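K.L.:
Structure in structure tokens, see below.
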Amino acid sequence: MREVALYRNNGLDILGSCEFVNFDRSRTVREMVAVDGSYSFLLNISSMWLAIVRVGGLGYTFRDGGYRLVDSEKLEAPILVSTERRVVERQSDLHLQLFEATRLSGDRPRAMMNEFRHHLEGELTLQMAREREGAIIAVDGTLASFHKESNHLHETRTECERRGNILVGISKDSNSHAFGGVRTDEELLNGKNGMAFVRVPAGYEEKHRGFLHGDVYFARLHPDSVKWFRVDVGTFKDDPSFVFSNLAHYAMSGLCPGYPYPLLEAHRFAVTIRQFKDVYEEVLLHLGIEEGMPVEEVIGGLTHVEGERQGAFHEYLDQASRDLR
Amino acid sequence: MNEKIGEVVSASVLGGLVAKLSLDNPEDLRIGYPVVVEGRTYYFYCMVHDIVNQSVDIAERLAGSRMRDSIVPLNETHEGFSGRIFYSKANLRPIQLIHRGTHKLSEPQTIPPYFSVARHASLRDVEKIYQRSDFSAPLGSIRGVERFMVHIDFSKLTEKPFGIFGRTGMGKSVLNKLVCIGILSREVGSVLIFDMHGEYGVYSRTDKTEGLKYYFPEKVKVFSLDPKNKEAVPFIIDPDEIRPEDLIVAFQDLNRNMVDAIYEINRSRKGDIVSAIRRADLEEWGHRVHPSVLSALKRRMGRMRRFSFVRRGGKDAFKQLISLIRERRSVVLDFGEYGTDQMVYLFVANVLTRRLFDMYTERNEEFPRLVLFLEEAHKFLAPNIASYTIFNKLARETRKFNLILALVDQRPAKIDDEVRSQLANRLILSLKEPSDLASALAGVPDRSVWESIVATIPARTVAMVGDAIRIPTVIDIMNYTPENVRENILDGGNMTSEDMDTIAQKVDKVFSF
């Protein structure tokens, strides 16, 4: 426990030297767009994985003391990824680029699918950013691109700058260690109260230059926020107080104080793809039969949402281990 | 009331439908309300049998929390991508299918697709379901629909025994009166009422509302056990007409030895049974009846001394009563000062009904249909008493003979199962006791659904099931006023204003004794 206590304090000194800036909510409220996506694997045949991706963009305004849904957009697409070059070469350039970009990933199908999700999220974010001026455009996750072409971030940022939109990326859970502690940044910041933001040490951003499309902050957007959230600021970088004071209006929901309610709803919308998995499986069976595939093979290839085959042998072993305990 | 209330999110032929509600306030919906679900081929006419706010983790976490400066997550403040973030659900029980094209009715043997719209039933919907006939009249309106008086077929109702069940204070008396008025106005039979509390004559002695004779002065004759009631025909019982069973039912607390002793004395009696028991001495009977049993019986017979209506030499009221019934007239038997003595009620009802039963079953002559309203029915039909009374037989057999039993009770669980199973129609007011709920609804399809409805309906609301109504229905009983009765049941045709004036003038005299 001595060691645990020792490592627990590691990084607090750096935090002490950081500038925490308190802020209030702005006097006026901007419209806010929240974009989030999700996917569900459906089928795995050999080296090929088929998934369905859903991305939702919800436009909100804050009026009469409540969050009003102004409009909503969605993108939904079936995506086939493969770990077999011969298959990928017959697909699009983007498939090939992502195939190359994820070659070092331990779980390549998931890594590729995540990039496709980012790609569609970026597409919808760009579309909705173009339709607005003076709004907040918020995406789930960091403003970082693993692969430059995949998420339209550069283009979105340019578009937001032109239209006076605030562009932010907000991470639900961040595992970063930007403050140099053994504990994650979120854990380190947990003891700090109030409504404030703090920028991560410059070294972190320097280290990730090329991937990042914004400045990295941690912020507490509500006095009763459940935690500090990582917020990447893509526009209005010279005035972070302006950004956070505007964003804070949307983080007042009693459901999730400190986290913007529109992002919560966008997340709820996106993950419905996983709840409707049965429906897609049924469609898949019909299509498989139409394409002349043996139905047993299709059924045998059905996967859980994360891509593992249903009834895989390891599942049997897990069950047996539990039963034998 | 024709607006959408939600969409179907789950359905089962056996288990019913579940609708996710889009109402601002779940309080706008109530158990028993009719709802129509719009399927592709059918309208599903349903009844709300439960309204639910499901347990939600987030709600449990938020309830009671004191977050500063935050927006309480209500439907008014948090619009979600799929509508309301917190919503209620309604469990719906399909009762009838209406074909969207032909309007033909059928039983609910299928389910509507997901997301089918659920809406309040409209007047047009209910008009397709409830049809009128020459013998139908309303008892009230359907809950949850703009005013629609639902018609009961009184001809069917009076073909077989029926029951009216409900707790005290829930509106049994008013319902009884409306049912009687329905029967008389549609001329499907006459009625015999044992009027313990003076409610059915011209005016009710308890709440001053109008009784049967008010509406049907010519059709209704009032008899009275009370000699002080000069408006009514005196009702006298000849002691020779009393049988052992009448005493067993009247006293209710006789043990096996006492019952045996009554039959023993009855076998060798000279004169009537009551006098024979009073006269029996230990010298003569001591070897056949235990002295303590005999003295207990004699003490009980002593109570009958104050029954001034049991005497010889009076005009035989029963003969008058029978001739009235032959003329299709109805009888209200007023108990007057005996109204609070349950023993008198049990005794008189049993004596009278037994004689009626004999008349209806033994004579070849065809008697008009007579509906006999039996309040506190379980006192006659409890399993330990039923075999001594005529009512057991009456419930099972007499529809063949036009003598129909209407059981009125607040404790249906205490009525013998076999008798209860003969009831073709049940009008059930609020009941709370689980055993009463189960008994009142025994044999009804979807009993558990109806139990939850009956357990929660308010006073003056009745759930009716049986063949006298097209489908099981929850009815708000109409306010019992002369205007309502005239407008909805009598149709203004059964009584002239002169009739009403004449009756009204007699009211003071009726209450002057």
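The numbers here are math on the coordinates, done by the rules we state, and not lab data. Computed from a predicted model, the values in this text were never measured in an experiment. FYI the Cβ positions are ideal-geometry reconstructions off the backbone, even for glycines, and counts take in every protein chain you see.
K.L.:
GluC sites (Glu not before Pro), restricted to the range B:207-240: which are DSSP loop and have at most 14 other Cβ atoms within 10 Å? Could the numbers behind the result be given before it?
P.N.:
On the way: sites: B:E210, B:E218, B:E231; in loops: B:E218, B:E231.
Qualifying residues, ordered by number: B:E218.
K.L.:
If you don't mind, there's one more thing I want to ask. Name the shape class, rounded, prolate or oblate, that the alpha-carbon gyration tensor gives for the range B:241-306, where a ≥ b ≥ c are the square roots of its eigenvalues, rounded holds for a/c under 1.5, and otherwise prolate holds if a/b is larger than b/c and oblate otherwise.
P.N.:
rounded
K.L.:
Please give the net charge around B:I390, taking every other residue with its beta carbon less than 12 angstrom from that of B:I390, where Lys and Arg add +1 and Asp and Glu add -1.
P.N.:
+1
K.L.:
Let me ask something additional. Give me the percent of Cα-Cα pairs in the range B:151-219 that sit more than 14 Å apart, rounded to a whole number.
P.N.:
Across the range B:151-219, Cα pairs with separations above 14 Å total 61 percent.
K.L.:
Further, regarding this structure: Using the alpha-carbon atoms, what tilt in degrees (0 to 90, nearest 10) does helix B:291-303 show relative to the longest principal axis of chain B?
P.N.:
The two axes meet at around 80 degrees.
K.L.:
Once you place label points 7 Å from the Cα toward the Cβ at B:R326 and B:R269, how far apart are they in nm?
P.N.:
Roughly 2.9 nm, to one decimal.
K.L.:
Taking A:K207 as the anchor, which lysines have their alpha carbon closer than 24 Å to its alpha carbon, excluding any fewer than eight residues away along the same chain?
P.N.:
Excluding near neighbours in sequence, the set is A:K148, A:K172, A:K237.
K.L.:
Also, quick follow-up: Eigenvalues of the Cα gyration tensor times 5, then square-rooted: what semi-axes does that give for the range B:4-129, in whole angstrom, largest first?
P.N.:
Calculated on Cα positions only, the semi-axes equal 33, 13, 12 Å.
K.L.:
For chain B, what's the relative contact order in percent, using C-alpha pairs closer than 8 Å and at least 6 residues apart?
P.N.:
Contact order relative to length: 19 percent.
K.L.:
Add +1 for every Lys or Arg and -1 for every Asp or Glu among the other residues with Cβ under 9 Å from the Cβ of A:S40, and state the total.
P.N.:
Spelling it out: positives minus negatives among the neighbours equals +2.
K.L.:
Which three lengths, in whole Å and largest first, does the range B:292-434 cover when its Cα atoms are put on their principal axes?
P.N.:
42, 42, 27
K.L.:
Taking the 0 to 90 degree range and rounding to the nearest ten, how far is the long axis of helix A:153-163 tilted relative to the main principal axis of chain A, both from C-alpha atoms?
P.N.:
40 degrees
K.L.:
Counting other C-beta atoms within 10 Å, which of B:M478, A:M32, A:M293 has the fewest, and how do the rest follow?
P.N.:
Least to most surrounded, the residues fall as A:M293, B:M478, A:M32.
K.L.:
Any idea how far apart A:E89 and A:R163 come out in nm if each label point goes 7 Å out from Cα toward Cβ?
P.N.:
With each label point 7 Å from Cα toward Cβ, the separation is 4.1 nm.
K.L.:
List the relative contact order of the range B:4-129 as a percent without decimals, with contacts defined as Cα pairs under 8 Å and 6+ residues apart.
P.N.:
Details: 240 pairs, mean separation 50.9, N = 126.
Over the range B:4-129, the number comes to 40 percent.
K.L.:
A further question on this structure: According to a simple spin-label model (label point 7 Å from Cα along Cα-to-Cβ), what is the distance in nm between B:T102 and B:E397?
P.N.:
It works out to 4.5 nm between the two label points.
K.L.:
What's the longest bit of chain B with no exposed trypsin sites (Lys or Arg not before Pro), using DSSP loop states and at most 11 other Cβ atoms within 10 Å as the test?
P.N.:
B:433-513
K.L.:
A further question on this structure: In terms of the ratio Rg/(2.2 N^0.38 Å) built on C-alpha atoms, what value belongs to the range A:157-286? Each step should come with its number before you reach the end.
P.N.:
Working: Rg = 17.3 Å, N = 130, 2.2 N^0.38 = 14.0 Å.
So the Cα radius of gyration is 1.23 times the expected 2.2 N^0.38 Å.
K.L.:
Continuing with this model, one more query. Within a 10 angstrom radius of each residue's Cβ in A:94-103, how many Cβ atoms of other chains show up on average? Whole number is fine.
P.N.:
0
K.L.:
Consider all pairwise Cα distances in chain B and report the whole-number % of them above 40 Å.
P.N.:
That tail contains 34 percent of the Cα-Cα pairs.
K.L.:
Mean residue ellipticity at 222 nm from the helices of the protein assembly as shown, using -39,500 (n - 2.57) per DSSP H segment of n ≥ 4 over the full residue count, to the nearest 500 deg cm²/dmol? Before the final figure, lay out the partial values.
P.N.:
On the way: 32 runs with 285 residues, N = 838.
Estimated from H runs of four or more residues: -9500 deg cm²/dmol.
K.L.:
Longer than 29 Å from Cα to Cα, which of B:K230/B:K400; B:K20/B:K128; B:K128/B:K160; B:K230/B:K270 are they? Say none if no pair is.
P.N.:
With Cα atoms farther than 29 Å apart: B:K230/B:K400; B:K230/B:K270.
K.L.:
Sticking with this one: From the P(r) of the protein assembly as shown, can you give the percent of Cα pairs sitting at distances over 41 Å?
P.N.:
57 percent
K.L.:
B:R329: net charge of surrounding residues, Cβ under 9 Å, Lys/Arg +1, Asp/Glu -1, itself excluded?
P.N.:
My count for the surroundings of B:R329 gives +2.
K.L.:
If you take the C-alpha gyration tensor of the range B:169-289, multiply each eigenvalue by 5 and take the square root, what semi-axes do you get, largest first, in whole Å?
P.N.:
The equivalent ellipsoid of the range B:169-289 has semi-axes of 40, 16, 13 Å.
K.L.:
Quick one: compute the contact order of the range B:241-306, relative version, from alpha carbon pairs under 8 angstrom and 6+ residues apart, as a percent.
P.N.:
33 percent
K.L.:
Then there is this: Calculated FRET efficiency, A:E306 and B:N257, Cβ-Cβ r, R0 51 Å, to nearest 0.05?
P.N.:
After rounding, the FRET efficiency stands at 0.05.
K.L.:
Report, for the protein assembly as shown, the % of DSSP beta bridges that are antiparallel, rounded to 5.
P.N.:
On the way: 101 of 142 bridges.
So the antiparallel bridges in the protein assembly as shown amount to around 70 percent.
K.L.:
Something else: Angle check, please: helix B:342-362 long axis (alpha carbons) against the longest principal axis of chain B (alpha carbons), in degrees 0 to 90, nearest 10.
P.N.:
For B:342-362 against chain B, the angle is about 90 degrees.
K.L.:
Could you work out the mean projected area of the convex hull around the alpha carbons of the range A:11-275, in square nanometres to one decimal?
P.N.:
Across all orientations, the range A:11-275 yields a mean hull projection of 14.3 nm².
K.L.:
Could I ask something else about it? Do the alpha carbons of any pairs in B:K177/B:K221; B:K156/B:K414; B:K104/B:K156; B:K213/B:K393 sit beyond 19 Å of each other, and which pairs?
P.N.:
From B:K177/B:K221; B:K156/B:K414; B:K104/B:K156; B:K213/B:K393, over 19 Å: B:K156/B:K414; B:K104/B:K156; B:K213/B:K393.
K.L.:
Also, I was wondering about something else. If neighbour count is taken as other Cβ atoms inside 10 Å, put A:V139, B:V9 in order from fewest to most.
P.N.:
Ordered by Cβ neighbours within 10 Å, fewest first: B:V9, A:V139.
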